[in-house]
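The values are calculated or read from the model by the stated rules, or taken from the named source; none is laboratory data. Since we're looking at a predicted model, the values are computed, not measured. Cβ sites come from the backbone with ideal geometry, for glycine too, and all protein chains shown count toward neighbours.
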C-alpha cells in the first residue's frame, strides 16, 4: 500500500493544482501569483524527496494530454531533474491510455514491464511497474526493479491489488 499512499500524497500537494491552474492561465497561478516554473521547482523538491526513499526509479507529473511537466529520475545513487528537451509526451503509452479510463482517485498499476524511454526499451533492462493516480493530470511513480521483485514475490495479482 506504500505506493498507493505515496501517489495520493504526491497528487494532493497544492503544487500540482497550482501547476495546472497556471498552465490554464498563461503560466501564472492566479491564486498565488507564482509562475508555473516556480511551482514546478517546488514540486521537484517533493518528488526528489520521494525518490530518495530508494523505492522509485522515476516520479513524474503528466498533464491531461500526457505531457511530462515535472520528471525526477533516480539512478540508484542520486535524483536528477529532467528539463524541457528530456520531457516526453506519454499519451500513446499503454499505461497512460489504460489509466485514462479510471475514475478520479482510482489507481492504475501495470504488470511488470521493461522500462521504455522515447519508445525504446532501455538497453540496460530495467523491470518496472508503472502506477498512476487519476486526477486532472497524473502523478506517475515507477518502482525500481529490486523493490518490484521483492514486493511481487508470491503475488498473483498486479492490477487489481491497487484499485
Among residues of segment 82-99, those that are within 14 Å of the chain's Cα centre (by Cα) and surrounded by fewer than 16 Cβ atoms within 10 Å (Cβ to Cβ), counted: 3
Yes/no for residue 75 being under 20 Å from residue 7 (Cβ atoms) and modelled with pLDDT under 90: no
